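Have a look at the structure below before the remarks.
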Amino acid sequence: MTADNPSLRPWRDIERRKSRQIMVGDVPVGGDAPITVQTMTNTPTEDARATIDQIRRCEEAGVDIIRVSCPDEASTAALKQIVRAAKVPIVADIHFHYKRALEAADAGAACLRINPGNIGSEARVKEVVDAAKSNGCAIRIGVNAGSLERDLLEKYGEPCPEALVESALDHIKLLQDQDFHEYKVAVKASDVFLAVAAYMQLADAVDCPLHLGITEAGGLIGGTVKSAIGIGNLLWAGIGDTIRVSLSAEPEEEVRVGYEMLKTLGLRTRGVRIVSCPSCARQGFDVIRTVQALESRLQHINTPLSLSVLGCVVNGPGEARETDIGLTGGGKGKHMVYLSGVTDHTVESDAMLDHIVGLVEAKAAEIEAANAAAEPVAAE
Ligand code: SF4
């Protein structure tokens, strides 16, 4: 589809900031690697079974990297089993106790989320960095406007972009002093203006990968809008190598929202991109219910393809021209189906849903087969 090919539409192109690449387990972050989607489990980590089940649901939604809180020894003890079961790299979230970081590195965490300035003495920082080095762990520095160091709050009077960036640079220096460079950084705030300004300043000051997030963004709808504005603005400016949408919602919802942002900006492709109208009195079928059913029934499709679902001919044919499969409502319960932008056949209301699901599944299989045929044959 030409609509999804940025080289044919230069005004859709985003020029990404050139960052240094690091590895989080076997997932590259930064450089020209795809922007990764993260989330965080909310089960008690010591309950390895429940945590693994939640990780599995996030993996099905497409998560690339997943963070797990390690507030106590029971959590880091469970981490080994969790790391073994997960198909994606695990980031151990450590807040205050450096010993949890040492245990998490030993347990196989691919990354430690820890701020070296909060660990205490230089000797402890060295111990954590040595553990990270010997276990092949990356480190994620996570500055948060809600927990800025007291001296910076006194210096700046309130959380502001300069304070967040100074805090990040202070933490970075502690890692660099230990000759450690496998780190990525976040400067999160729940205020989008503050977060965006801080990330913009940080992007100019450092070359490491940046982890984007609007922290404590809110519930599913409010938090999605807030995150889309904050993270979306940064991504559009080319800033950001990995994202986490923070919602008061299940982690797999965060993953879905993250993908929707990246898909909207043409930065990742995954699954079915549905174009649909809000519906009105002209609709030939119940658009809202149809789209809800299709979203649910097409969740298992990972192959990138596009589907337009429009209630009538006002905008239906135009949108169908730009999508792989199109459905446009017609009169008397008969609706037009478009394949690759061209009018193909009609379908009746009763059969419509199963028919469209079947067409999408067949198209996904066709794309997968074409991709497999195009892959170079490995030398024997
Ligand atoms: S495409 Fe037709 S049914 Fe849908 S909103 Fe537009 S006019 Fe209404």
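The values are calculated or read from the model by the stated rules, or taken from the named source; none is laboratory data. Every value quoted in this text rests on a predicted model; they were computed, and no experiment measured them. Neighbour counts are summed over all protein chains in view; Cβ atoms, including those assigned to glycine, are modelled from backbone coordinates with ideal geometry. Just so you know, the surface numbers come from the protein's heavy atoms only, side chains and all, with ligands and any DNA or RNA stripped out. Shrake-Rupley method; radii C 1.70, N 1.55, O 1.52, S 1.80 Å.
Sub-8 Å Cβ pairs linking a first residue in segment 108-128 that is in the same structural domain as residue 76 (by TED's automatic domain parsing) and open to solvent by less than 10 Å² (accessible area, probe 1.4 Å) to a second residue that is polar (S, T, N, Q) and in a loop (DSSP other than H, G, I, E, B), at least 6 apart or interchain, are 125/178, ordered by first then second residue. Does residue 274 satisfy the criteria of being more than 16 Å from the chain's Cα centre (by Cα) and free of Cβ contacts under 8 Å to residues at least 40 places away in the same chain? It is true that residue 274 is more than 16 Å from the chain's Cα centre (by Cα) and free of Cβ contacts under 8 Å to residues at least 40 places away in the same chain. Among the residues here, residue 329 qualifies as touching a residue at least 40 places away in the same chain (Cβ under 8 Å) and either out of contact with any Pro (no Cβ under 8 Å at 6 or more places or on another chain) or closer than 26 Å to residue 258 by Cβ (or both). Looking at segment 6-65, the strands (runs of 3 or more DSSP E) lying wholly inside it that each contain 1 or more residues that are over 16 Å from the mean Cα position of the chain (by Cα) sit at 22-24.
The set of residues in segment 297-307 that are among the β-branched types (Val, Ile, Thr) and within 16 Å of the ligand (Cβ to nearest atom) is empty. Screening 369, 351, 373 for residues that are open to solvent by 80 Å² or more (accessible area, probe 1.4 Å) and without any contact (Cβ under 8 Å) to a residue 60 or more places away in the chain leaves exactly one candidate, 373. Of the residues making up segment 228-268, those that are closer than 21 Å to residue 140 by Cβ, small (Gly, Ala, Ser) and part of a helix (DSSP H, G or I) are 230, 258. Taking segment 186-228 only, how many residues are β-branched (Val, Ile, Thr) and touching a His at 6+ places or on another chain (Cβ under 7 Å)? Total satisfying the criteria: 0. Screening residue 36 with (1) within 24 Å of residue 248 (Cβ to Cβ); (2) without any contact (Cβ under 8 Å) to a residue 40 or more places away in the chain gives one miss only, at (2). Scan segment 308-323 and give yes if some residue there is more than 12 Å from the ligand (Cβ to nearest atom), surrounded by 20 or more Cβ atoms within 10 Å (Cβ to Cβ) and closer than 14 Å to residue 357 by Cα, otherwise no. Taking every residue of segment 308-323 in turn, none turns out to be more than 12 Å from the ligand (Cβ to nearest atom), surrounded by 20 or more Cβ atoms within 10 Å (Cβ to Cβ) and closer than 14 Å to residue 357 by Cα.
Residues that are buried (at least 16 other Cβ atoms within 10 Å of the Cβ), within 11 Å of the ligand (Cβ to nearest atom) and of a type in the set (Val, Ile, Thr) within segment 270-290 comprise 275, 287, listed in sequence order. Scanning segment 61-77 for residues that are touching a Cys at 6+ places or on another chain (Cβ under 9 Å) and either within 30 Å of residue 296 (Cβ to Cβ) or surrounded by fewer than 24 Cβ atoms within 10 Å (Cβ to Cβ) (or both) returns 65, 66, 67.
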